[in-house]
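For reference, the structure is listed below as structure tokens.
Any read-out appearing in this document is the output of simple, stated calculations on the displayed coordinates, not a laboratory observation. Predicted model only: the values in this text are computed from it and were never measured. Positions of Cβ are backbone-derived with ideal geometry, glycine not excepted, and every protein chain shown enters the neighbour counts.
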Amino acid sequence: MNKSLLLAAMVASLTLVACSKKEEVVVVPVPAPAPMVVPAPMTSDAASAAATSADMAASSAMTAGDAASAAVGAAVDAASAAAK
């Protein structure tokens, strides 16, 4: 009986050893950082052109405002003349 118990224990241990899974270490590569796109600094020519465009836009806006003011004045004058 002792021999059969010892033999059963040995077979059980061999079964466990044979069926055990080995842990595999998986190394995941780290992705490289994405390249950053940095805009080129404005050159003096580009800055000058941008400033000129801004000045022209401001001048056009002032002209449009003056025209609108004159139109409102003309409408007020026409309304007052019609009321008399």
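At a glance:
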| quantity | calculated |
| --- | --- |
| For the chain, calculated [θ]222 nm from helices alone, where every DSSP H run of n ≥ 4 adds -39500 (n - 2.57) | -25000 deg cm²/dmol |
| Positive-end residue of V72, S13, A51, charge dipole of the chain with Cβ unit charges | S13 |
| For the chain, convex hull volume per residue from C-alpha positions, Å³ | 226 |
| Net charge dipole size for the chain [Lys, Arg +1 and Asp, Glu -1 on Cβ; Debye, nearest 20] | 860 |
